[in-house]
Amino acid sequence: MAQHIAQKLRLTSALLGTVTRKDLAAAFRTVNPKTAFDLGRADKWLQGRAQPREHSVYDDWAKLLGLEQQGAWIADCDLSGFTAAIAARHNIDKAELDRRVGAQFETSSGHDERSFAFTLAGTYACYSRAWSPYHRDQLIRGILSVEAGPGLHGLTATYRETLPTGQLVLGGPVTPAKRALYVHLKEAGGDAQFFISLFPQSQPGSVLGGYMCGTAIIGPEAQPSTTRILIVRLRDPAPGATSRGGYLQLDQSISGDLASLGMSIEHPEQIDMQLTRFLVGGSDGGVHQVPPTEFRAILDVFDRHWLTHSSAGQNP
């Protein structure tokens, strides 16, 4: 079954310098005037909502790229293999190819979800209020990596935190929508889950913000929790940055932490005040948790009511 068609088409478009779908369709016609790559269906292919069914499209694609492999290989290969093959064939560095993809998006007038999602790939530093009662009033930093993957939007995320109990790693799909950006993360080999709801991304996509919902990982009792979160894109992460993370000290600034990750910010004191104001904003101080005793008091009322009425309806 064909895979990663939308991403492969965008890489092809970036390589060839075709800005619009019309330009890409015209490029296919240069190798086959009767190509089955038509403008109407290309819209769905580039959005990941469908894929070419005619084998001739893949054969024309291989000719267009000048590859030694047959068209069937383009359909079946993984994304990294496809990227490596076209980069080697055209003597272009992968980083340069990625740069072209980003530049193509910035100059394109298209606003479809797939184009929007494609620019999200990258590495981010995430700052939020700690949920653990043992680290009250502290911030915690996680690392979020967004990469191309299977599915409609073709993006998956991996989130990491370094906790006193060890490394916490969660992964899951990224879902862009017109009015929001959603990330649903699940722990590999565990039962922890986080759900992140963010403002939709805007160009150039330097920072994301919104709420993260889940349950405190370190604490004597399970507490459903939510907190504001800031997700800052790292252009050139410092070596080892993606493996670090965890609780920030009370006197540790976000700008200083970002500097340790390879991102130097002008006017750090002013920026720290602005970021802190966002993270601790609202009547809940930026983090909200349900006290277990408060919920148990309500649970007691409804459990007694349920059991009483259940008993009344039974035959003696």
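Under a 5 Å amide H cut-off, with hydrogens placed 1.01 Å from N, Q138 pairs with A130 among residues at least 5 apart or on other chains. For the pair Q3 and A259, the difference between a 0.36 nm per residue extended length and the Cα-Cα distance amounts to 88.3 nm.
Cα-Cα over 31 Å: which of K44/K186; K22/K94; K8/K186; K63/K178? Going by Cα-Cα distance, K63/K178 fall outside the 31 Å limit. The HN-Hα couplings worked out from phi for the stretch 163-179 by the Karplus form 6.51 cos²θ - 1.76 cosθ + 1.60 (θ = phi - 60°) are 9, x, 8, x, 7, 9, 10, 10, x, x, x, 10, 10, x, 9, 5, 10 Hz, whole numbers, x standing for Gly and Pro.
Accessible surface for V301 stands near 90 Å², nearest 10, in the context of the full protein assembly shown (1.4 Å probe). Taking all protein chains together and a 1.4 Å probe, the residues R129, R99 rank R99, R129 from largest to smallest accessible area.
Heavy-atom accessible area for T119, with the other protein chains in place and a 1.4 Å probe, reaches approximately 30 Å². With K and R counted +1 and D and E -1, the other residues having a Cβ less than 13 Å from that of D251 yield a net charge of -3. Relative to the longest principal axis of the Cα atoms of the chain, helix 94-107 runs at roughly 80 degrees. Largest first, the residues E68, E294 sort by 1.4 Å accessible area into E68, E294.
Across the stretch 221-235, computed HN-Hα scalar couplings (Karplus, 6.51 cos²θ - 1.76 cosθ + 1.60, θ = phi - 60°) run 9, 6, 10, x, 9, 9, 8, 5, 9, 10, 10, 9, 6, 9, 5 Hz from first to last residue, x flagging Gly and Pro. A 1.4 Å probe, protein heavy atoms only, puts the accessible area of W61 near 0 Å². With angles folded into 0 to 90 degrees, how steeply does helix 5-16 sit against the dominant principal axis of the chain? Use alpha carbons for both and round to 10. Between helix and principal axis, roughly 50 degrees. Largest GNM mean-square fluctuation across S145, S260, S132, computed for the chain with C-alpha springs under 10 Å, falls on S260.
Across H90, H55, H305, the residue with the most accessible area heads the list, and the full order at a 1.4 Å probe is H55, H305, H90.
Computed in the context of the full set of protein chains, the accessible area of the chain at 1.4 Å probe radius has 54% of its extent on carbon or sulfur.
Among [x] 53; [y] 58; [z] 50, only one was calculated for this model; which label is it, if the read-out is percent of Cα pairs over 25 Å apart? Only one option fits the structure, namely [y]. Once the Cβ-Cβ distance of T20 and L250 is raised to the sixth power relative to R0 = 41 Å, the FRET efficiency obtained is 0.20. Each part gets one Cα centre, and for the stretch 262-305 versus the stretch 72-100 those centres are 44 Å apart.
Positive contributions from Lys and Arg (+1) and negative ones from Asp and Glu (-1), summed over other residues with Cβ under 14 Å from the Cβ of A297, come out at -1. Specify the residue with the greatest mean-square fluctuation among E161, E266, E96, computed from a Gaussian network of the chain linking alpha-carbon atoms under 10 Å apart. Result for the chain, Cα springs under 10 Å: E266 fluctuates most.
Taking every protein chain into account, the accessible area of the chain amounts to 55 square angstrom per residue (probe 1.4 Å).
Distant-in-sequence amide contacts of I229, defined by a placed amide H-H separation under 5 Å and a gap of 5 or more residues or a different chain, comprise G210, Y211, M212.
The values are calculated or read from the model by the stated rules, or taken from the named source; none is laboratory data. Keep in mind it's a predicted model, so treat the numbers as computed, not measured. Here Cβ is always computed from backbone atoms with ideal geometry, including for glycine, and neighbour counts include all displayed protein chains. Areas reflect the complete protein model, heavy atoms only, side chains present, ligands, DNA and RNA absent. Shrake-Rupley method; radii C 1.70, N 1.55, O 1.52, S 1.80 Å.
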